[in-house]
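J.: Below you'll find the structure I mean.
The values are calculated or read from the model by the stated rules, or taken from the named source; none is laboratory data. Everything numeric here is computed off the predicted structure, so don't read it as measured data. No Cβ is skipped: glycine too gets one built from the backbone with ideal geometry, and neighbour counts run over all protein chains shown. Just the protein is used for accessible areas: all its heavy atoms, side chains included, with ligands, DNA and RNA removed. Shrake-Rupley method; radii C 1.70, N 1.55, O 1.52, S 1.80 Å.
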Amino acid sequence: MLFMFDDRSPTRAPSIEVRGLTMAFAARVIMRDVDFTVKPGSILALIGGSGSGKSTILRAMVGLLRPASGSVAYDGADYWSSPPADRTALARRFGVLFQGGALWSSLTLEENVILPMQMLGRGTRRDWTTKARERLEMVGLADAAARLPAEISGGMRKRAGIARALALDPSVLFLDEPSAGLDPIASRRLDDLLLSLREHLGASIVIVTHELASVFAIADTCVFLDAGTQTALPQDRPTELRDHGPTPLVRAFLRREDPNERRSAP
Amino acid sequence: MSSPGPLIRAAAGIGRGVEGVAYGVAGATALFGGLLLALPAALRGSVRARRSDFVDALAEAGYRALPIVTVVNFLVGGILAFVGAVQLVRFGAGIYVANLVGIAVVREMAAVMTAIVMAGRTGASFAARLATMQGNEEVDALVVLGISPVEHLVLPRAAALTITLPLLYLYGCAVGLLGGLAVSALLLDVGTAAFVGQLREALNADQFVIGFVKCLAFGAFLGVTSCHVGLRAGRSAAEVGRATTSAVVIGIVGIIAIDAAFALFLNALHV
Ligand SMILES: Nc1ncnc2c1ncn2[C@@H]1O[C@H](COP(=O)(O)OP(=O)(O)OP(=O)(O)O)[C@@H](O)[C@H]1O
Ligand SMILES: [Mg+2]
């Protein structure tokens, strides 16, 4: 499948360095001392059990939740200690897909994709409409453009959320479980779409996913969050973590095995 | 140490309540400040909000509220005339019902009743809408784009309510006076012409200006607090209900407090 993107010199993706990130709700610590790096144009998968803190870390990276300690640096400048104007300028380069889609419920899918352009971009309504149609087409929702979020299925909502995240040609994409609710073919198409985004826009992608096939297919590196110890394992290639991961849990996780099950020798 | 006695627990409860109110007031004040900062941009027309949101809010806070504003104000005007008539007729002063209805409706009742109706209707609906958006992460989706929810969500709604409430007040005055007239005509031997003539003597433009200005304040207050309560809601369905209830309670109590403040202030000015 071929995807077309604007050739208007896309801004280079920033390098992202997360150092000593500790996330907590009130006194309850969710994750401590998480370190990882996203090189420009690379794809990082955040994996781990349900409730381990993947979405929470994503929220710290996009500026929605202040970390208890640690830093999230874009091109060397810590997001959370930057002045508000710098943060806003940086946030304009982000494309974010929320776990629940977070589509604006009073707007049609097309208006959902148009709104970021209308509020922040330049151009005319005709440009926006054309581009919104293109984005919806990319995720296979061209026919549903005029529908409201309440009138589409969960998987369609996810795809519409992706189309919206792509509205401003982001240089960093944050995707929270984009393939949850997608059928295998749609999920495969999404992987292709993400790879071509990286290729054509040079975008970096941070993806939270439970889809192992997708982790192995597209992720350059992978960070495993262990809810038991509230720590993250050192970042590594997915196959490396599967075959030689430092803990039995991560090896089992990536092999889709139950770590507690006793395996009898063959 | 034994567990704290009831007195200490009550004191702690009061402390927490005061703290909650203080946070609420601080938050609403900050929101109000944010709105004032966004106002110049709004007047230049370069605000990050959708025009259609504003138009929807105008409809919601405007003509869609007409039926209930009509009913409530007509009945209040009628009730005032009825109570007045019963008393005044005993002194042979039936005609002064027009004075009573006129002053009471224009200066107080049309303003306060219309504002209370709007607190229950539009304030509740704004709070529920914004709380739902908060729960769906729709507000977060704006924030990550660098779009301020105050500018995008609160400003169009608060502006709409500040514009429509004074207009609804003028309409409420007309309906309330009509209600008074209808009851007087039925109960007393006061003709329409006499009633209107008496009204003209009792009322002057000042009374309307006072009611109008009060409604500007009520509208701004309701718009800001109901949106603020909605935005502060947590992420569950129960929070939507809670936000709606507190928007209405805060709205009604606030309106009455503002009205009392106006009364004291105007009294000091001898108006
Ligand atoms: N607003 C909140 N207040 C308190 N605790 C929270 C809040 N949001 C999340 N948590 C807690 O933080 C932990 C991590 O949540 P998070 O949503 O980041 O998990 P996750 O890894 O994304 O899980 P999933 O794969 O199920 O989406 C959970 O234990 C959750 O209970
Ligand atoms: Mg999650």
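J.: Out of B:V190, B:V213, I need the residue that is of a type in the set (A, V, I, L, M, F, W, C) and crowded, with 18+ Cβ neighbours inside 10 Å. Which one?
T.: Of B:V190, B:V213, the one residue that is of a type in the set (A, V, I, L, M, F, W, C) and crowded, with 18+ Cβ neighbours inside 10 Å is B:V190.
J.: Moving on. As an exercise: evaluate A:E261 against (1) more than 16 Å from ligand 1 (Cβ to nearest atom); (2) more than 19 Å from the chain's Cα centre (by Cα); (3) in a helix (DSSP H, G or I); (4) more than 14 Å from every other protein chain (Cβ to nearest Cβ) and give the number of the one condition it does not meet.
T.: (3)
J.: Please go through the range B:224-271 and pick out each residue that is open to solvent by less than 30 Å² (accessible area, probe 1.4 Å), closer than 21 Å to B:E108 by Cβ and under 15 Å from the mean Cα position of the chain (by Cα).
T.: Listed by number, the residues that qualify are B:G251, B:G254, B:I255, B:D259.
J.: What is the residue count in the range A:26-76 for residues that are among the basic types (K, R), within 23 Å of A:G245 (Cβ to Cβ) and within 16 Å of ligand 2 (Cβ to nearest atom)?
T.: Qualifying residue count for the region: 1.
J.: Tell me which residues, restricted to the range A:35-55, are within 6 Å of ligand 1 (Cβ to nearest atom) and either within 12 Å of the chain's Cα centre (by Cα) or open to solvent by 20 Å² or more (accessible area, probe 1.4 Å) (or both).
T.: Across the range A:35-55, the qualifying residues are A:S50, A:G51, A:K54, A:S55.
J.: Given the options A:A180, A:A217, name the one that is away from chain B (no Cβ under 14 Å), more than 16 Å from ligand 1 (Cβ to nearest atom) and in contact with a helix residue (DSSP H, G or I) (Cβ under 7 Å, 6 or more places away or on another chain).
T.: A:A217
J.: Assuming A:A142 fulfils every condition listed in (1) out of contact with any strand residue (DSSP E or B) (no Cβ under 7 Å at 6 or more places or on another chain); (2) more than 14 Å from every other protein chain (Cβ to nearest Cβ); (3) within 16 Å of ligand 1 (Cβ to nearest atom) apart from one, which condition is it?
T.: If we test A:A142 against (1) out of contact with any strand residue (DSSP E or B) (no Cβ under 7 Å at 6 or more places or on another chain); (2) more than 14 Å from every other protein chain (Cβ to nearest Cβ); (3) within 16 Å of ligand 1 (Cβ to nearest atom), just (3) comes out false.
J.: Restricting attention to the range A:119-135, does a residue exist that is more than 13 Å from chain B (Cβ to nearest Cβ), open to solvent by 30 Å² or more (accessible area, probe 1.4 Å) and touching a Leu at 6+ places or on another chain (Cβ under 6 Å)?
T.: Checked against the condition, which is being more than 13 Å from chain B (Cβ to nearest Cβ), open to solvent by 30 Å² or more (accessible area, probe 1.4 Å) and touching a Leu at 6+ places or on another chain (Cβ under 6 Å), the range A:119-135 yields no hits at all.
J.: Please indicate, with yes or no, whether at least one residue in the range B:179-187 is at pLDDT below 95, within 14 Å of chain A (Cβ to nearest Cβ) and surrounded by 21 or more Cβ atoms within 10 Å (Cβ to Cβ).
T.: no
J.: Which members of the range A:72-94 meet the condition of being more than 9 Å from chain B (Cβ to nearest Cβ), assigned to a strand (DSSP E or B) and in contact with a Pro (Cβ under 7 Å, 6 or more places away or on another chain)?
T.: A:Y74
J.: Got a number for residues in the range A:23-34 being more than 8 Å from ligand 1 (Cβ to nearest atom), open to solvent by 10 Å² or more (accessible area, probe 1.4 Å) and on the phi < 0 side of the Ramachandran plot?
T.: Qualifying residue count, the range A:23-34: 4.
J.: Hey, does the range A:106-119 have a residue that's without any contact (Cβ under 8 Å) to a residue 40 or more places away in the chain and within 16 Å of ligand 1 (Cβ to nearest atom)?
T.: Scanning the range A:106-119, I find no residue that is without any contact (Cβ under 8 Å) to a residue 40 or more places away in the chain and within 16 Å of ligand 1 (Cβ to nearest atom), so the answer is no.
J.: Next question, about the same structure. Could we say that B:R9 is modelled with pLDDT of 80 or more, out of contact with any Gly (no Cβ under 9 Å at 6 or more places or on another chain) and within 30 Å of B:F126 (Cβ to Cβ) here?
T.: Taking the combined requirement at face value, the residue does not satisfy it.
J.: For the list (1) more than 13 Å from chain B (Cβ to nearest Cβ); (2) buried (at least 19 other Cβ atoms within 10 Å of the Cβ); (3) out of contact with any strand residue (DSSP E or B) (no Cβ under 7 Å at 6 or more places or on another chain), I need the number of the one condition that A:L115 fails.
T.: Tallying (1) more than 13 Å from chain B (Cβ to nearest Cβ); (2) buried (at least 19 other Cβ atoms within 10 Å of the Cβ); (3) out of contact with any strand residue (DSSP E or B) (no Cβ under 7 Å at 6 or more places or on another chain), A:L115 fails exactly one: (1).
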